[in-house]
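Report on the following structure.
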Amino acid sequence: MNACNIIATGESLKGFPLHRLNKHQPSNYSVNRAYRYVDCKYLVFYDFHGYNEFYDFGGQMITITQNQLHKEDPDIMHFWHEGRHGFNYTKGRVSSINNSGFMAINVAINMGFKRIYLLGYDMGWKYVPHFYDEPETYKPIFTYKDQKNFKVLCLPHFDGVVLPDGVEVINVVNPDYMSNLKRFPTITQNEYLKLI
């Protein structure tokens with residue numbers, strides 16, 4: 001295994017030709033609902049409600065072992081979560097950061113990928129939280145508090161990450177939107193499209 005794509009749900013993917021990634025399905029990770037717009041082999045979710053919310057995903061689901069308290073399913077890959085300082089590189093484990101995007105990077109490294117492209121990792125938003133239209137039931141929950149939670153609860157953990165030798169993580173950004181994730185080097189979406 002060498003390169004993989006982790007597709008998150010940030011608004012910076014609005015207008016991005018996600019279909020161009022379908023040919024890379026064997027090495028595509030979806031963070032939460034992204035798989036509904038691009039073919040992915042893996043789906044990573046942190047919160048236990050994902051068992052019911054992502055019922056239509058046909059690939060390999062990945063979540064934390066502690067979620068087995070809510071549903072035992074041998075077809076779901078579980079990682080035990082522990083520790084809160086950077087990524088956890090112990091086999092079968094990930095760090096205890098309540099963020100599916102953080103977990104997805106940790107999982108991809110632990111599964112052997114050496115070059116990891118992040119798409120839609122905005123960790124906040126300029127206009128709307130996601131690149132797709134929100135179901136009406138979700139719209140009221142996105143508030144200023146959610147923006148603050150990214151900055152206070154999530155981003156500091158990225159800043160402390162130390163990558164293993166030989167591993168690259170690259171944040172693919174859209175200059176028309178924002179990405180609060182500054183820990184990793186960036187390339188533009190146009191530059192990325194030339195690589196694939």
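Binning the C-alpha pair distances of the chain at 5 Å intervals from 0 yields a P(r) profile of 1, 8, 16, 21, 23, 18, 10, 3, 0 %, listed from the shortest bin outward. Of LEU21, LEU153, the sequence from fewest to most neighbouring Cβ atoms within 10 angstrom is LEU153, LEU21. Legend: residue pairs LYS126/LYS194; LYS41/LYS126; LYS91/LYS151; LYS23/LYS151; LYS23/LYS194; LYS114/LYS194, Cα-Cα distance threshold 23 Å; pairs beyond threshold, LYS126/LYS194; LYS41/LYS126; LYS91/LYS151; LYS23/LYS151. Cβ-to-Cβ counts within 10 Å put ILE187, ILE76, ILE116 in ascending order as ILE187, ILE76, ILE116, the fewest first. Taking the number of Cβ atoms within 10 Å of each Cβ as an exposure proxy, the fewest-first ranking of LYS126, LYS114 is LYS126, LYS114. Here the contact order of region 1-70, divided by its residue count and restricted to Cα pairs under 8 Å and six or more residues apart, works out to 25 percent.
Each value in this text was obtained by applying a stated rule to the coordinates, not by laboratory testing. Quick caveat, the model's predicted, so the values are computed rather than measured. Note: ideal-geometry Cβ built from the backbone for every residue, glycine included; neighbour counts use all protein chains shown.
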